[in-house]
Amino acid sequence: MSPEAAHRWRRRMAALLPPALFLAAVLSLWELAARRLGLDPLILPAPTDILAQLLAGFRSGLYPVHLGVTLLQAGLGFVLAVAAGVGLGALVARSPLLERTLNPFLIAFEAMPKIALAPLVIVWFGYGIGSKVVLAAAIAFFPVLVSTILGLRACEPGRIDVLRALGATPGQIFRLARLPSALPYIFAGVNVAVVFVLLGSIVGEFVGAKQGLGTLILYANENLETAQTFSILAVLAALGLLLHLGVEALRRRLLFWAEPVELPRA
Amino acid sequence: MSASLIAVRELSKVYPTAGGERVQALSRITLDVAPGEFVSLVGPSGCGKTTVMRILAGLLGGYTGSVVVGGRALHGPSRDIGVVFQDANLMPWRNVLANVMLPVEVLGLDRKAMRPRAEALLRLVGLAGFERKLPGELSGGMRQRVAIARALVHDPAILLLDEPFGALDAMTRDSMNVELARIAAEAGKTVFLITHSIAESVFLSDRVLVMSSRPGRIVDAIPIELPRPRGLDIIAAPAFAATVLRIRGLLEEGGAPATVTLAH
């Protein structure tokens with residue numbers, strides 16, 4: 001191993017080891033409590049039982065099918081949310097009149113709990129994946145929109161002056177300065193959106209669906225299969241973490257030049 | 001001076017303020033810059049020199065009077081002028097070479113043909129070997145060198161600089177001024193420099209235009225007879241000090257003190 005590789009290895013270990021040890025400790029205590037204290041497995045099943053359910057679910061092919069549906073819904077909702085958020089954000093940032101016109105409605109819609117839309121969305125778009133995609137997109141759209149508007153505004157005027165002094169067109173200014181300057185902000189919004197699409201997808205499934213991990217949780221709960229419920233929660237947690245890490249990796253590749261931006265929480 | 005590269009006649013500019021008043025930023029400015037000349041516009045902060053610069057750069061309209069650059073009346077940005085701003089304003093996602101190539105992209109020039117020129121300019125400003133570095137990896141002085149190379153890449157006749165080294169520390173600033181004199185001479189450019197440093201303007205220029213404020217107007221034009229090339233030791237020459245004091249006197253008559261520092 002080269003010295004740099006050894007250094008990287010040590011740094012990775014230093015980052016991974018404490019949370020891994022913490023998880024192991026919590027799981028051991030939990031296991032011990034569940035077995036020794038004679039807790040009702042309907043309330044709190046032991047981690048080993050949850051793990052058994054998890055493996056069984058994947059082996060039987062049940063989980064992969066439902067995971068695929070939830071992931072597809074979240075993925076399509078994500079694409080829709082990012083496209084609509086960046087698109088509308090670019091329009092709003094360009095036109096003060098459009099911003100003045102839309103601003104009250106955007107604030108009202110943002111303040112409203114979008115989850116309340118779920119029953120209506122099911123009526124409009126049915127029990128299939130369409131309604132979940134729409135719900136996921138509706139929830140995830142706002143952080144992308146807000147961060148896009150913030151980002152496009154944050155472009156240093158000096159960068160725009162450089163281009164204007166060269167006689168650049170508004171399109172060139174957008175492409176060469178405004179959009180790249182906004183990307184760190186947009187990514188902060190995308191990082192929130194990636195979590196929100198999963199939320200929208202599951203909530204939609206709770207309200208009415210044929211397939212998906214949310215549906216599976218409802219079934220497991222009705223059948224008092226608490227260990228199965230926990231195993232699906234574990235899948236969702238892992239999925240959320242993976243998506244977050246994916247966005248983070250993409251950010252580091254694309255925005256090697258920028259510090260990460262923290263979004264003001266709405 | 002019909003052969004002027006820059007000819008400004010009776011240039012006035014009025015800004016409306018938030019309170020509905022009107023502020024006379026520039027009053028009947030007339031100036032000429034001959035081809036190959038190095039001219040500085042010196043004046044205190046707020047005298048309107050940046051307004052002059054923004055008008056010449058094509059970034060500001062709504063003035064009266066005429067501005068002719070390279071024989072053509074100015075309507076918006078001119079390709080004859082390369083601008084260096086107070087901040088380098090590099091695009092942090094582009095490496096040094098790509099930043100220098102920015103005007104090539106905006107103007108739709110042949111990238112392949114222009115690339116050797118961009119590399120040659122980076123050598124001229126002393127940044128050979130830094131082509132692949134990101135702006136974030138450079139010092140303030142180096143970033144401003146990149147900005148100078150960028151301003152020259154599409155081969156404008158005129159280099160327009162607005163307090164280009166104002167954000168740098170005094171020692172870096174002095175050495176950048178020596179560099180600027182060399183770059184301007186080697187590139188054979190006409191230079192119009194805007195500064196609030198009297199010493200800087202005397203050190204660099206063939207002619208110094210002295211501006212005073214409220215309203216911004218040119219009170220005198222001082223030819224600088226010091227021999228070239230000039231090294232930093234010229235600061236000690238009696239002729240240098242006399243010229244600096246003369247300009248300082250003009251500025252004080254105009255009602256505003258200005259900085260005299262070079263090598264603090």
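What the Cβ-Cβ distance of A:GLU4 and A:VAL123 gives, at R0 = 60 Å and to the nearest 0.05, is a FRET efficiency of 0.55. Where only DSSP H runs of four or more residues are counted, the protein assembly as shown gives -18500 deg cm²/dmol as its mean residue ellipticity at 222 nm, each run worth -39500 (n - 2.57). Computed extension gain for A:GLU110 through A:LEU97, at 0.36 nm per residue and net of the alpha carbon distance, reaches 2.7 nm.
Set the Förster distance to 25 Å, then compute FRET efficiency between B:GLU253 and B:SER12 from the Cβ-Cβ distance, nearest 0.05. With R0 = 25 Å, the Cβ-Cβ based efficiency is 0.70. Straight-distance candidates among the lysines for linking to A:LYS210, with alpha-carbon spacing under 29 Å and chain neighbours fewer than 8 residues away dropped: A:LYS114, A:LYS132.
Using equal-weight Cα scatterers in the Debye expression, the normalised intensity of segment B:181-240 in log10 at q = 0.17, 0.30 Å⁻¹ is -0.63, -1.41. Compared with the direct C-alpha span, the chain from B:SER45 to B:LYS112 gains 19.9 nm at full extension, assuming 0.36 nm per residue.
Global dimensions of segment B:129-264 from alpha-carbon coordinates: Rg and Dmax equal 15.7, 50 Å. Evaluated at q = 0.09, 0.12 Å⁻¹, the base-10 log of the normalised Debye intensity for segment A:84-255, with identical point scatterers placed on the Cα atoms, takes the values -0.42, -0.68.
List the aspartates and glutamates whose alpha-carbon lies under 18 Å from that of B:LYS112, not counting same-chain residues fewer than 8 positions away? Cα-Cα hits under 18 Å: B:GLU131, B:ASP155.
In this structure, A:ALA20 and B:ARG182 have a Cβ-Cβ separation that, at R0 = 45 Å, corresponds to a calculated FRET efficiency of about 0.15.
Here the simple spin-label model places points 7 Å from the Cα toward Cβ, and for B:ALA34 and A:PHE206 these points are separated by 8.2 nm. For segment B:1-77, the equivalent ellipsoid built from the Cα gyration tensor has semi-axes of 23, 14, 10 Å, listed from largest to smallest.
More than 23 angstrom separation, counting every C-alpha pair in segment A:36-183; what % is that?
It works out to 58 percent of all Cα pairs.
With bins 10 Å wide beginning at 0, the percent of Cα pairs of chain B falling in each bin runs 7, 30, 35, 22, 6, 0. Here the spin labels are modelled as points 7 Å beyond Cα on the Cα-Cβ line, and at A:LEU27 and A:ARG175 they lie 5.1 nm apart.
Over segment A:1-110, the hull volume per residue, using the convex hull of the C-alpha atoms, is 260 Å³. Each 10 Å bin from 0 upward holds the following percent of the Cα-Cα pairs of segment B:170-214: 23, 55, 19, 3.
Using a 10 angstrom Cβ neighbour count of at most 12 plus a DSSP loop assignment to flag exposed trypsin sites (Lys or Arg not before Pro), which longest range of chain A is free of such sites? With trypsin sites (Lys or Arg not before Pro) excluded where exposed in loops, chain A gives A:1-209 as its longest stretch. With the simple spin-label model, which puts each label point 7 Å out from Cα in the Cβ direction, the B:ARG123 to A:ASN223 separation comes to 7.6 nm. Remark on segment A:73-143: Rg and Dmax equal 13.2, 40 Å (Cα only). Dipole check for segment A:120-266: with +1 at the C-beta of Lys and Arg, -1 at the C-beta of Asp and Glu, and the Cα centre as origin, the magnitude is about 560 Debye. With kT/(6 pi eta Rh) evaluated at 25 °C and eta = 0.890 mPa s, and Rh the Kirkwood radius from Cα pairs, the protein assembly as shown diffuses with a coefficient of 88 µm²/s according to Stokes-Einstein. Cβ crowding within 10 Å ranks B:THR172, A:THR215 as B:THR172, A:THR215, fewest other Cβ atoms first. Counting neighbouring beta carbons within 10 Å and listing from fewest to most, the residues A:SER95, B:SER78, B:SER27, A:SER147 come out as A:SER95, B:SER27, B:SER78, A:SER147.
Under 16 Å of direct C-alpha separation, and excluding same-chain neighbours fewer than eight residues apart, B:LYS49 reaches these lysines: B:LYS13.
Read-outs throughout are calculated quantities, based only on the coordinates presented, and are distinct from any laboratory measurement. Note that the coordinates shown come from a computational prediction; the quantities given were computed from them, not determined experimentally. Every residue, glycine among them, receives a Cβ derived from its backbone with ideal geometry; neighbour counts consider all protein chains shown.
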